[in-house]
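Read through the structure below, which is laid out as structure tokens, and then see the notes.
The values are calculated or read from the model by the stated rules, or taken from the named source; none is laboratory data. Small disclaimer: the values here were computed from a predicted structure and weren't measured. In this analysis, Cβ positions are derived from the backbone assuming ideal geometry, glycine residues included, and neighbour counts consider all displayed protein chains.
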Amino acid sequence: MALSAEKIAELMAKKRTKGAYEDKLHILMTESDEPGIDVQEQWPLDFGSKNATALYQGFRNAAEKLEIADQLDILQRDDHVFILVKSRVSEMFEDTTDETEAELVATTA
């Protein structure tokens, strides 16, 4: 009997893969330009049904191992884990600040 998509997703979410946290952080840092992600939404097959506390600790340990912990904010809120890339978040708000300052100068000139 074939497995249902739901059963396959459940099995995938509960499996352990050595280096999975490090692999995902590497992808986030090198192949993505996202300033922040919700881990369970970004990688539902890998982490969708994992406990938020375990995810938080796994990503914190992976960031330390990869020596990039100072580049990230890893946050646990309610049942979710969020990873923010500090430099990208900073750029987001710098752009907004520059636009606001330009608008202010234009309206006061």
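Results, tabulated for the structure shown:
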| quantity | calculated |
| --- | --- |
| Cβ pairs under 9 Å, 6+ apart, first in region 82-95 and free of Cβ contacts under 8 Å to residues at least 60 places away in the same chain and of a type outside the set (Val, Ile, Thr), second part of a helix (DSSP H, G or I) and surrounded by 12 or more Cβ atoms within 10 Å (Cβ to Cβ) | PHE82/VAL39; LYS86/GLN71; SER87/GLN71 |
| Residue match in region 19-34 (condition: farther than 30 Å from PHE93 by Cβ, touching a helix residue (DSSP H, G or I) at 6+ places or on another chain (Cβ under 8 Å) and either outside any strand (DSSP E or B) or not β-branched (Val, Ile, Thr) (or both)) | yes |
| Which numbered condition LEU45 fails, given (1) modelled with pLDDT of 95 or more; (2) exposed (fewer than 14 other Cβ atoms within 10 Å of the Cβ); (3) assigned to a helix (DSSP H, G or I) | (1) |
| Residue in region 51-73 that is within 23 Å of LYS86 (Cβ to Cβ), in contact (Cβ under 8 Å) with a residue 40 or more places away in the chain, hydrophobic (A, V, I, L, M, F, W, C) and assigned to a loop (DSSP other than H, G, I, E, B) present | yes |
